[in-house]
Amino acid sequence: SKLILATKSPYRKAAFEKLGLDFIMDGSEVDEKHEGRPTDPRELVQYLAKLKAEAVAKNHSSGIVIGFDSLTYFEGEIMEKAGSKNVVLERLKRLSGNAHDFFTGIHIINLDNGMVKSDVVETKAYLRELSLDEINFYLDHDTDVINYGIPYDAPDHFSASFLTRVDGCYNSLCTGLPRGRMMELLKE
């Protein structure tokens, strides 16, 4: 079956390409705003991944649709996409020297046999103490800061130097694509 990624993320695309599998991308237009949605981060990413997969599945008659959603969770707060450099600045000042949780929901729909698989991958990221100069350097030089927050893994991103430790799925944290867990669900 053809694989259909319900995403527009360039990080997920690049990560999926490394698997060597043929796929197409068909991003959903699902509103990712959290207002009025589940307040538990695990429930929220699972819910949004499901909405995205179902929205894209309506556009196809066969294949396997894979929906994703990711979010950062710190001190009881779900952090939505930043939308501005000022929001990222304030977040990084809060996250500096601390650990935060990162959740990725996966929802898979096999349109050929009706099978559905879903899971949530949780990762804890530890950041070193960041100076204001480092944060401002990041904000001035990393191009995806507003849309993607903190792309830790991209080699051309200064933010890769922020991490000191990762407990859980490194791939999920850095690309929003927990490749190992996704492959297990696809095999099932």
query = Residues of segment 44-75 with amide nitrogen under 14 Å from the 7 Å Cα-to-Cβ point of residue 2?
reply = 57-66
request  = Could you compute the FRET efficiency for residue 188 and residue 22, with r as their C-beta to C-beta distance and R0 at 22 Å, rounded to 0.05?
outcome  = 0.65
task = Take every Cα pair under 8 Å in the chain that's 6+ residues apart, average their separations, divide by the length, and report that relative contact order as a whole percent.
result = 21
ask   = What is the sum of charges around residue 93, taking Lys and Arg as +1, Asp and Glu as -1, for the other residues whose C-beta is under 12 Å from the C-beta of residue 93?
value = -1
key: Hull-based mean projected area of segment 89-132, where the convex hull spans the alpha carbons, in square nanometres   = 4.1
inquiry  = Restricting things to Cα coordinates, could you compute the convex hull volume per residue of segment 4-79 in Å³?
reply    = 97
note = Computed on Cα atoms only, the convex hull of segment 31-135 has an orientation-averaged projected area in nm² of 7.7
inquiry  = Given a 1.4 angstrom probe, what's the average accessible area per residue across the chain, in square angstrom?
reply    = 49
remark   = With +1 on the Cβ of every Lys and Arg and -1 on the Cβ of every Asp and Glu, the dipole magnitude of the chain about its Cα centre, in debye rounded to the nearest 20, is 360
note = In order over segment 83-94: 3J(HN,Hα) from phi, Karplus 6.51/-1.76/1.60, θ = phi - 60°, whole Hz, x for each Gly or Pro, gives x, 7, 5, 5, 5, 5, 4, 5, 5, 5, 4, 6
task = Give me the angle, in degrees from 0 to 90, between the Cα long axis of helix 132-141 and the longest principal axis of the Cα atoms of the chain, rounded to the nearest 10.
result = 50
ask   = Computed FRET efficiency, Cβ-Cβ of residue 128 and residue 81, R0 25 Å: what is it to the nearest 0.05?
value = 0.60
ask   = So what's the gap between the Cα centers of segment 1-72 and segment 105-137, to the nearest angstrom?
value = 12
10 Å-binned pair-distance histogram of the chain (Cα, whole percent) = 9, 37, 35, 15, 3, 0
message = Could you tell me the calculated FRET efficiency between residue 29 and residue 111, based on Cβ-Cβ distance and R0 = 22 angstrom, to the nearest 0.05?
response = 0.70
message = Given the options 56, 176, 38, identify the residue whose Cα lies farthest towards the positive end of the charge dipole of the chain (+1 on Cβ of Lys, Arg; -1 on Cβ of Asp, Glu).
response = 56
key: Pairs beyond 22 Å (Cα-Cα), from 2/52; 81/117; 33/117; 2/33; 18/50; 52/81   = 81/117; 33/117; 2/33; 18/50
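The values are calculated or read from the model by the stated rules, or taken from the named source; none is laboratory data. This one's a predicted model, so the numbers in the text were calculated from it and none came from an experiment. Virtual Cβ from ideal backbone geometry, glycine too; neighbours counted across all protein chains shown. With ligands, DNA and RNA removed, areas are computed over all heavy atoms of the protein, side chains included. Shrake-Rupley method; radii C 1.70, N 1.55, O 1.52, S 1.80 Å.
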